[in-house]
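The values are calculated or read from the model by the stated rules, or taken from the named source; none is laboratory data. Keep in mind that what you see is a predicted model, and the values were worked out from it rather than measured. Glycine also receives a Cβ, built like all others from the backbone with ideal geometry; neighbour counts cover every protein chain displayed.
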Amino acid sequence: MRTVGPTDPALFDNPTAAATFRAFGDFDYASVFDFGCGCGRIARQMMQQECPPARYLGIDLHADAVVWCQQNLIHPSFSFCHLDVRNVQFNPHASACTLPFPAEDNAFTLAVAVSVFTHVLEPHVDFFLGECSRLLRPGGTLLSSWFTFDKALYPMMQAFQNALYINAGDPTNAVIYDREFIFDLFARSGLGIVAVFPPSIRGFQWMIVAEKGAPHRLGSLPEDDAPMGLARGPL
Ligand SMILES: C[S@@+](CC[C@H](N)C(=O)[O-])C[C@H]1O[C@@H](n2cnc3c(N)ncnc32)[C@H](O)[C@@H]1O
């Protein structure tokens with residue numbers, strides 16, 4: 001739990017058996033792909049839903065977390081798979097930076113990537129967002145979260161530079177993307193942004209709901225006028 005974020009057990013639980021992401025829309029949970037499933041926080045909540053997914057596949061580059069999920073989150077419809085891509089902290093010996101997801105095209109009704117693209121470097125983001133899109137059914141939904149900034153405020157950034165990093169030793173620690181770049185990126189991946197949810201603390205994660213094959217319903221992100229605060233991950 002410490003490797004993926006807050007450790008409050010309530011965040012891993014779903015005592016009312018409600019749809020896990022009801023705050024962000026009325027999604028179809030028939031088949032769920034969880035990119036960056038970590039130690040199964042979302043899987044556990046979905047297992048407790050009144051109507052759990054008929055198919056759930058979680059993947060993560062952190063092998064220990066995946067093995068823990070395989071051994072402890074036992075459900076006939078749920079499976080977890082290691083994606084052997086490099087990460088300085090959690091998978092330092094892998095040779096690949098990107099690998100195709102182990103799932104067929106057009107297979108899932110819902111893909112989730114919560115606090116994952118906030119750790120994906122710019123050279124790899126097109127690939128991984130494209131993979132999320134590939135395995136969604138037409139009309140399927142991607143729910144993902146992003147740190148954002150406005151590149152117009154940083155005149156020294158080149159056209160090909162669209163991300164900011166906060167940790168020189170491990171740039172995946174937090175990756176912050178230009179707001180306009182995010183819209184273009186989703187469009188390139190065949191995903192239309194249909195709803196956005198601003199952070200509750202200014203500068204923290206935006207939730208973006210996108211639909212495969214749809215046009216963008218928004219032209220840009222609204223202003224972030226949330227109250228200032230701290231949302232530091234564990235050291
Ligand atoms: C902050 S945790 C979030 C975990 C989970 N989504 C949740 O909300 O509880 C980010 C997870 O994404 C995984 N991750 C980051 N980049 C990845 C990649 N390129 N491929 C697979 N997993 C990745 C990390 O190993 C980590 O477990």
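Can you confirm whether the stretch 62-75 contains a residue that is in contact with a strand residue (DSSP E or B) (Cβ under 8 Å, 6 or more places away or on another chain), at pLDDT 95 or above and among the aromatic types (Phe, Trp, Tyr)? Within the stretch 62-75, none of the residues are in contact with a strand residue (DSSP E or B) (Cβ under 8 Å, 6 or more places away or on another chain), at pLDDT 95 or above and among the aromatic types (Phe, Trp, Tyr). Residue under question is residue 112, and the condition is that it be within 19 Å of the chain's Cα centre (by Cα), of a type in the set (Val, Ile, Thr) and at pLDDT 95 or above; does it hold? Yes.
For the condition over 30 Å from residue 123 (Cα atoms) and among the hydrophobic types (A, V, I, L, M, F, W, C), what is the one hit in 65, 23? Step by step, each of 65, 23 is checked, and only 23 is over 30 Å from residue 123 (Cα atoms) and among the hydrophobic types (A, V, I, L, M, F, W, C). Applying the condition of being among the small types (Gly, Ala, Ser) and touching a strand residue (DSSP E or B) at 6+ places or on another chain (Cβ under 6 Å) to the stretch 15-33 and asking which residue is nearest to residue 55 (Cα to Cα) yields 31.
Residues that are touching a residue at least 60 places away in the same chain (Cβ under 8 Å) and within 16 Å of the ligand (Cβ to nearest atom) were ranked within the stretch 142-168; the one that is surrounded by the fewest Cβ atoms within 10 Å (Cβ to Cβ) is 145. Taking residues in the stretch 209-231 that are closer than 14 Å to residue 180 by Cα, and partners anywhere that are hydrophobic (A, V, I, L, M, F, W, C) and outside any loop (DSSP other than H, G, I, E, B), the pairs with Cβ atoms closer than 6 Å and at least 6 places apart or on different chains are 216/193; 218/193; 221/196. Quick check: is even one residue across the stretch 123-139 in contact with a Cys (Cβ under 8 Å, 6 or more places away or on another chain) and over 17 Å from residue 46 (Cβ atoms)? Within the stretch 123-139, one or more residues are in contact with a Cys (Cβ under 8 Å, 6 or more places away or on another chain) and over 17 Å from residue 46 (Cβ atoms).
The residue of the stretch 130-141 that is surrounded by the most Cβ atoms within 10 Å (Cβ to Cβ), among those that are of a type in the set (Gly, Ala, Ser) and farther than 13 Å from residue 109 by Cβ, is 133.
Residues that are without any contact (Cβ under 8 Å) to a residue 60 or more places away in the chain, of a type outside the set (Val, Ile, Thr) and buried (at least 17 other Cβ atoms within 10 Å of the Cβ) are absent from the stretch 108-121.
Please go through the stretch 93-107 and give me each residue that is part of a loop (DSSP other than H, G, I, E, B) and either within 12 Å of the ligand (Cβ to nearest atom) or in contact (Cβ under 8 Å) with a residue 12 or more places away in the chain (or both), ordered by number.
If the condition is that a residue be part of a loop (DSSP other than H, G, I, E, B) and either within 12 Å of the ligand (Cβ to nearest atom) or in contact (Cβ under 8 Å) with a residue 12 or more places away in the chain (or both), then 94, 97, 98, 99, 100, 101, 102, 103, 104, 105, 106, 107 are the ones that fit.
When the residues of the stretch 108-131 are filtered to those that are touching a helix residue (DSSP H, G or I) at 6+ places or on another chain (Cβ under 7 Å) and part of a strand (DSSP E or B), which remaining residue is farthest from the ligand (Cβ to nearest atom)? Among them, the one singled out is 111. Starting from residues that are surrounded by 24 or more Cβ atoms within 10 Å (Cβ to Cβ) and more than 13 Å from the chain's Cα centre (by Cα), keep the ones in the stretch 42-63 and report whichever is nearest to residue 132 (Cα to Cα). Among those residues, the one meeting the criterion is 57. Checking each residue in the stretch 175-194 for being within 15 Å of the ligand (Cβ to nearest atom) and surrounded by fewer than 17 Cβ atoms within 10 Å (Cβ to Cβ) picks out only 176.
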